[in-house]
Amino acid sequence: MSLSPVVIVGAGHAGVQAAASLREEGFDGEIVLLSDERELPYQRPPLSKAFLKGDMDLHGLPLRAEAFYRDQRIGLRLGVRATRIDRAARRVELADGSSIGYGHLILATGARQRRLDVPGVDLPGVFALRSIADATALRQRIAAGLRVVVIGAGFIGLEVAATAAKLGAETAVIEIARPMGRAVSPVLSDFYAEAHRAFGARLFLGVGVSAIKGSEKAEAVVLTDGEVLPADLVLVGVGVTAEDTLAREAGLECKNGVVVDAHLVTSDPAISAIGDCAAFPNATLGYVTRLESIQNAVDQAKRVAARIAGKPGPYNALAWFWSDQGDLKLTIAGLSHDVDEWVVRGDPATRAFSIFGFRGGKLAVVESVNRAGDHAAAKRIFATGKSLTPAEAADPAFDIRALAKG
Ligand code: FAD
């Protein structure tokens, strides 16, 4: 059965890459790319970094110029929400009442903001950060002297906190566990907690939020220990959940995202899922995970495009990630899940060091702060399957870059 047209739902990093890679791989059929957002598909990472700081304007955000879609014969349709998948008829129904038939369907619907379930969360002055609209609203308001309370010390919360502090806002960060705790080592969490204090933020760790108070707008955040933090602006950054509504309603298997096999195919062979919305069997970890990163979105898109163009194969790309907070450039290669031994290389006091994580004695992840060379070496070590022991990683005289190159 013909795979054309390929219909892609969601024009974020995964969806746009899938469309582009289909053409690069020589797919000549029809491609339809649906986005429920009105803007030309754009990059999300700058929304909490350069764009928020004012170092980048809206023109810097699009993933591709408008002409790209025209030239590549990609039928980009903006402001159109897919509302239902009719699997039997192989059609996607749209919010405008029309529908499109597909030969193959790619779900690249991303993730949506996790809701903080406390009174006052819907008050004006409480923000989230996922879209251009969110970032524009935040950027217009964050200013010197403003009392900014960030709820959640994940990557996005901390990036916003660093920017707010830099712009002269009185910044507070609340985190029930430890900074970036789901993704990084305890040593790195501690380092970042200290760094944010030095940037000028007050940190409230190990405590939750019980309410946001205010009559017409948010005026204070009440912590679970009873402390009240006055606020002019509140950012909620408590993570995301997979946007799997379409898949779920269509009866596809979903569990913490749209469940796919090693080839990124859902429980229906005519439908794939990629990026933030996909729960896939992680070849490195040996169990199903869902990752929220550009690398994952882009590499999964490339894999699915290659498969559709006739080059099948399982997805097993190396996971990597980055985050910019103040003057600290964090890069992570690999995954910190199940790591049982951490080794620090270099001195955190110099603000340039790496932390190597081992799972059962095998290198699993390398977290580098202001050490791009270590990150590049780590990626090569993973790619070439070289072995590195915890003792070697800890030894400053051991040449990791030479190991990577050799
Ligand atoms: P998305 O980019 O979320 O795109 C999904 C798209 O699908 C959205 O436009 C959505 O509106 C649309 N959609 C959903 N449902 C429908 C429907 N039914 N019909 C039509 N369209 C639909 N990752 C990094 O690796 N490094 C970073 O530094 C980094 N910084 C980030 C900063 C911010 C502020 C944010 C929000 C994220 C950041 N991330 C970062 C995460 C990264 O942006 C995501 O992992 C990535 O965007 C995932 O791509 P995606 O295409 O799967 O999903």
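The values are calculated or read from the model by the stated rules, or taken from the named source; none is laboratory data. As the structure is a computational prediction, the values presented were derived from the model and not from experiment. Positions of Cβ are backbone-derived with ideal geometry, glycine not excepted, and every protein chain shown enters the neighbour counts. Protein only, heavy atoms only, side chains kept; ligands, DNA and RNA dropped before computing areas. Shrake-Rupley method; radii C 1.70, N 1.55, O 1.52, S 1.80 Å.
Counted residue by residue at 0.36 nm each, then reduced by the alpha carbon distance between them, the extension gain from T83 to D399 reaches 108.3 nm. Computed on the Cα trace of the chain, the radius of gyration divided by the Kirkwood hydrodynamic radius gives Rg/Rh = 0.98.
The order of the peptides 219-227, 332-340, 93-101 by mean Cβ neighbours within 10 Å, most packed first, is 332-340, 219-227, 93-101.
Roughly how many percent of the accessible protein surface of the chain is carbon and sulfur, given a 1.4 Å probe and a whole-percent answer? The C+S portion of the solvent-accessible surface of the chain is 52 percent.
Overall shape: prolate for segment 249-346, with the ratio a/c of the largest to smallest alpha carbon gyration tensor axis at 1.5 or above and a/b above b/c.
Under the simplified labelling scheme, the A133-R182 pair shows an inter-label distance of 2.3 nm, with each label point 7 Å from Cα along Cα→Cβ.
Amide H contacts of V209 (H built 1.01 Å from N, in plane; Pro and chain starts excluded): T224 sit under 5 Å, all sequence-distant by 5 or more or on other chains. Spacing of the modelled spin labels on D261 and E341, each 7 Å from Cα toward Cβ, amounts to 3.7 nm. Placing pseudo-labels 7 Å out from each Cα toward the beta carbon at Q72 and A143 gives an inter-label distance of 4.0 nm.
Taking 17 Å as the cut-off, the amide N atoms of segment 139-165 that come nearer than this to a point 7 Å along the Cα-to-beta-carbon line of L58 belong to 139-141.
Give the shape of segment 327-405 as rounded, prolate or oblate, defined through the alpha-carbon gyration tensor: a ≥ b ≥ c are the square roots of its eigenvalues, a/c under 1.5 means rounded, and otherwise the shape is prolate if a/b is larger than b/c and oblate if not. Judged from the Cα gyration tensor, segment 327-405 comes out rounded (a/c under 1.5).
Here segment 126-238 carries DSSP beta bridges of which approximately 30% are antiparallel, counting only pairs with both residues inside. As a calculated quantity, the FRET efficiency between V207 and R248 at R0 = 35 Å, using C-beta atoms, amounts to about 0.55. DSSP beta bridges confined to the chain are antiparallel in about 60 percent of cases.
From the alpha carbon centroid of segment 188-247 to that of segment 18-72 is 31 Å. Go ahead and collect, in residue order, the members of segment 48-75 whose backbone nitrogen is under 14 Å from a label point 7 Å along the Cα-Cβ direction of D96. Answer for this model: 75. Between the amide H of K329 and those of N370, distances stay under 5 Å, these residues lying 5 or more places away or on another chain, with hydrogens modeled in the peptide plane.
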